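Report on the following structure.
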Amino acid sequence: MRCASRRAWAPRRAPSWRWRSSATSTPAGPRRQRRRSARIGRTLRTYGQLLRDGTFVGLVLVAGLVMAALFAYVSGSSFVYQQQFGLDQQQFGLLFGAGAFWLIAGTQLNPVLLRRFAPGQILLAAILTGAFSGMALVGVAASGLGGLPGLLAPLWGVLAAGGVALPNAPALALSRHGEAAGTAAALLGAVQFGIGAAASPLVGILGNDATAMGAVVGAAVVLALFVLLTVVRPWRLTEPQQDPVPVAR
């Protein structure tokens with residue numbers, strides 16, 4: 001009798017268990033959609049807060065314009081070196097590598113400068129140097145004064161200044177929004193490479209020669225200086241706050 005009663009009751013418990021399982025699992029879909037929409041809304045509000053910070057936007061634009069100058073150099077250098085000045089592939093590789101050397105030298109100089117100066121001061125000096133070098137590049141390219149050596153000197157000055165400026169502008173921008181560092185970094189990267197990608201075709205549109213490359217490079221760094229002085233005003237910037245390093249006891 002006991003075995004029969006157990007067999008009789010077993011099928012009855014199983015449907016009720018299945019019914020409870022299906023009843024409790026049905027709201028998971030709507031809850032998941034609500035969580036997803038809440039995350040999207042929070043992200044959009046964070047973007048809005050970032051875009052309302054004029055200093056942050058200015059620093060992002062400065063970084064993007066410096067990147068535009070580098071992209072213009074990369075896209076136009078092969079035409080200038082090989083077609084206009086008649087260099088072969090090996091000579092072009094050597095000169096392009098020399099340009100990379102000055103860019104990397106600027107980035108390596110930056111930590112040394114940070115021991116004595118604030119990031120805002122370094123950024124201002126770098127953009128000023130890049131702007132003057134860019135204007136000299138435009139003049140040399142348009143007049144042909146000095147030939148290829150005359151073109152390389154201001155061009156390498158722009159690259160070295162860009163190497164110093166690029167680490168500082170993003171660092172100052174991100175330090176203003178440490179609570180939303182991921183979103184701020186995403187916006188910074190998108191603007192940087194977006195402006196750089198938009199500047200590259202301008203060299204080809206203007207003629208793919210030294211004058212065209214110099215005009216785009218010079219305009220980018222001069223515009224970066226204008227944004228820095230009028231929007232960012234680096235003399236008002238505070239140094240990035242560093243998190244305290246925990247000491248083991």
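For segment 55-236, the pair-distance distribution built from all alpha carbon pairs, in bins 10 Å wide starting at 0, is 11, 38, 34, 14, 3, 0 percent.
Simple rule: put +1 on each Lys or Arg Cβ and -1 on each Asp or Glu Cβ in segment 55-236, find the dipole, and look at Gly64, Thr211, Ser200; the Cα lying farthest toward the positive end is Gly64.
Inter-label distance, Leu229 to Ala198: 2.3 nm, where each label sits 7 Å from its Cα along the C-beta direction.
Values quoted throughout were computed directly from the atomic coordinates according to the rules given, and no laboratory measurement underlies them. Keep in mind the model is a prediction, meaning the values are calculated, not measured. Quick reminder, even Gly has a Cβ in these numbers, built from the backbone with ideal geometry, and neighbours come from all protein chains shown.
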